[in-house]
Amino acid sequence: MFKKILKGGHRKPSKSDSTENYAFGPPGSHNPGSVVVNHASRPVLSAPEQNSSPSAPIAPPPLSTAAVEPLPLLRDVPVSERQSLFLRKLQICSYQLDFTNMLKTVREKEVKRRTLLELVDFFQSGSGKITEVCQEEMIKMVAINIFRCLPPASHENTGQEVTDPEEEETHLDPSWPHLQLVYELLLRYVVSSDTDTKVAKRYIDHSFVLKLIDLFDSEDPREREYLKTILHRIYGKFMVHRPFIRKAINNIFYRFIYETERYNGIGELLEILGSIINGFALPMKEEHKLFLARALIPLHKPKPVATYHHQLSYCVTQFVEKDYKLADTVIRGLLKYWPVTNCQKEVLFLGELEEVLEATQSAEFQRCMVPLFRQIARCLNSPHFQVSERALFFWNNEHIVGLIAQNRHVVLPLIFEALEKNILGHWNQAVHGLTVNVRKMFMEVDAELFEECRRQYEEKTARAREVEDQREMTWKRLADVAGEREGGNLVAV
């Protein structure tokens, strides 16, 4: 009796069960009792309640060879039969096929590929106007194919120590031949002039958009490129989704900065934001200024900043070009996260700083020039020649030279000592030559100020030499006293 109760009772779902549910159905289509294991660095795809939104897809029936059969082309059937045929084709495209074994279900894969290709051509040919029922089923088919559990990163899979993301091997999704066509179909649907946003927003809703943004963590760069284009088009076409998309991207940035420091799609998300920032109306909303201060500037902190710095720099510069009063905020933010031991990162910061200074007006420059040129002075004396050289290149920029010339009484005293140290002892010849040119430039602009700075530097050097001499004399006297006492002890013995 006890054995019967055990056999008939609720069975704890195994790991293989949860994987199977995920393989043949989209997120949210599994049974309430099933368990889905997500990795720590992968965002959890929220499972909406059944029929809660049109973007929650229905799991396709179990795969059978008879179900995946070639169907007639849409153009070869009468118009009255096209809707039913379109729905049947969508059903074929909803089947999940195993791409871990390329020799398995080869015929079914080819049938699905050809069907997807025909659907893409159908939209591309301009005859893409379809009924609401077909639109809903198509978005369900897209969701079934693209919303999946992303594979774990290599350090998660093997338990190895976390390495530089640039050094990791790129994972290419084996199912890309099908995924690419699904993404292309979604893109054609979104950009089509026949797509009515009032109807489409029922299916491309917040839940759908959020899952789409979560896929930016894919390691496959081809997938991220498609996602970037599609999300940008959705942002442009569906005005109702704009605040939600900005907030969702914000949350990804916060999680990346303060928790994981690992996310594959930061560069692509920043590219989208670069275009969005470019379209901000003036005067700029407080929400956008907070986004700059709380998300974009702290993005300079993580170690893998080099992988997305170009896009980040463009976004930050766009803010300053839109509203020059933000220059002080940006410059102080860069100084706050300035790297201490990473010279390559320092070179990137100097490049971005130059772009920001080009868009900076005199009033904002004066607010931050003291801490700014203290940092530049440290860069001038860097033993890494690229850092020192990049800092000296500031004097090749006419706008920056103009700002420095207007405020030379503050700037020159801050960097004079650094210039003199470079001339006296920097090991790199190119840095030495550039330093001489900068020094000569200051001398020509204001010879009196230059002489005053040199006099103060010589006095400071002389005082430092006196202090050093006194210190040496003190140590010498202590050594003599210690020697006399040691000698006296030896005589007594």
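The values are calculated or read from the model by the stated rules, or taken from the named source; none is laboratory data. No experiment lies behind these values; they were computed from the predicted model shown. Glycine gets a Cβ as well: all are built from the backbone with ideal geometry, and neighbour counts include every protein chain shown. Side chains included, ligands, DNA and RNA excluded: accessible areas come from the protein's heavy atoms. Shrake-Rupley method; radii C 1.70, N 1.55, O 1.52, S 1.80 Å.
If each residue of separation counts as 0.36 nm, what is the full-extension length gain between PHE280 and LYS440 once their alpha-carbon separation is subtracted? Before the final figure, lay out the partial values.
Numbers: separation 160, 0.36 × 160 = 57.60 nm, distance 4.32 nm.
Full extension of this stretch gives 53.3 nm more.
At a Cα cut-off below 30 Å, give the lysines reachable from LYS303, other chains included and same-chain residues fewer than 8 away excluded.
LYS211, LYS228, LYS247, LYS289, LYS322, LYS325, LYS336, LYS345
So, R0 is 45 Å and r is the distance between the beta-carbons of THR170 and ASP76; what FRET efficiency does that work out to, to 0.05?
Values: r = 41 Å, r/R0 = 0.91.
Using R0 = 45 Å, I get an efficiency of 0.65.
What order, most packed first, do the peptides 254-260, 319-325 have when packing is the mean number of other Cβ atoms within 10 Å of each residue? Mind showing how you got there, number by number?
Values: 254-260: 15.1, 319-325: 18.4.
Highest to lowest by the protection proxy: 319-325, 254-260.
So what J values fall out for region 389-402 if you push phi through Karplus, 6.51 cos²θ - 1.76 cosθ + 1.60 with θ = phi - 60°, rounded to Hz, Gly and Pro as x?
5, 5, 5, 5, 5, 4, 7, 8, 9, 4, 5, 5, 4, x
Quick one: length gained pulling MET239 to ARG477 fully straight, 0.36 nm per residue minus the C-alpha distance? Walk me through the numbers on the way to the answer.
Working: separation 238, 0.36 × 238 = 85.68 nm, distance 8.09 nm.
Contour length minus Cα-Cα distance gives 77.6 nm.
Based on the Cβ-Cβ distance of ARG114 and LEU290, what FRET efficiency does E = 1/(1 + (r/R0)^6) give at R0 = 41 Å, to the nearest 0.05?
On the way: r = 50 Å, r/R0 = 1.21.
About 0.25, to the nearest 0.05.
For region 312-317, what does the Karplus curve 6.51 cos²θ - 1.76 cosθ + 1.60, with θ = phi - 60°, yield as ³J(HN,Hα) per residue in whole Hz, taken in order and with x for Gly and Pro?
Values per residue, Gly and Pro as x: 5, 4, 5, 4, 5, 5 Hz.
Once you have the alpha carbon radius of gyration of region 228-327, what is it after dividing by 2.2 N^0.38 Å, with N set to its residue count? Don't jump to the answer; show the numbers that get you there.
On the way: Rg = 13.0 Å, N = 100, 2.2 N^0.38 = 12.7 Å.
With N residues counted in region 228-327, Rg over 2.2 N^0.38 Å equals 1.02.
For the modelled label position 7 Å from the Cα of GLU452 along Cα-to-Cβ, which residues of region 418-438 have backbone nitrogen atoms closer than 20 Å?
So the set is 418-420.
At what distance in nm do the modelled label points of HIS310 and GLU484 sit from each other, each positioned 7 Å from its Cα along Cα→Cβ?
Roughly 7.2 nm, to one decimal.
I'd like the Karplus ³J(HN,Hα) series for region 353-370: coefficients 6.51, -1.76, 1.60, θ = phi - 60°, whole numbers in Hz, and an x wherever there's a Gly or Pro.
Going residue by residue, I get 4, 4, 5, 5, 5, 4, 9, 8, 8, 4, 5, 5, 4, 5, 5, 10, 5, 5 Hz, with x marking Gly and Pro.
Suppose each label sits 7 Å from its Cα in the direction of the beta carbon; what would the SER125-GLU468 distance come out to in nanometres?
For SER125 paired with GLU468, the spin-label model returns 8.5 nm.
Tell me the carbon and sulfur percent of the accessible area for region 364-483, rounded to whole percent, probe radius 1.4 Å. Provide the component values of the computation, followed by the final result.
Working: 3810 of 6950 Å².
Carbon and sulfur atoms account for 55 percent of the accessible area of region 364-483.
Assuming a ≥ b ≥ c are the square roots of the Cα gyration tensor eigenvalues, decide whether region 348-437 counts as rounded (a/c under 1.5), prolate (otherwise, with a/b larger than b/c) or oblate.
prolate
Can you grab the distance from the C-alpha centre of region 295-310 to the C-alpha centre of region 373-389, Å, no decimals?
What the calculation gives is 21 Å, centre to centre.
Before anything else, pin down the relative contact order of region 364-483: Cα pairs under 8 Å, at least 6 apart, normalised by residue count, whole percent.
Details: 73 pairs, mean separation 29.6, N = 120.
RCO, region 364-483: 25 percent.
Using a 1.4 Å probe, how large is the accessible area of SER125, given in Å² and rounded to the nearest 10?
Rounded to the nearest 10, that gives 80 Å².
Starting from 0.36 nm per residue, how many nanometres of slack lie between ASN407 and GLN361 once their C-alpha separation is accounted for? Display every interim value, and only then the final one.
Numbers: separation 46, 0.36 × 46 = 16.56 nm, distance 1.24 nm.
Gain on extension, ASN407 to GLN361, equals 15.3 nm.
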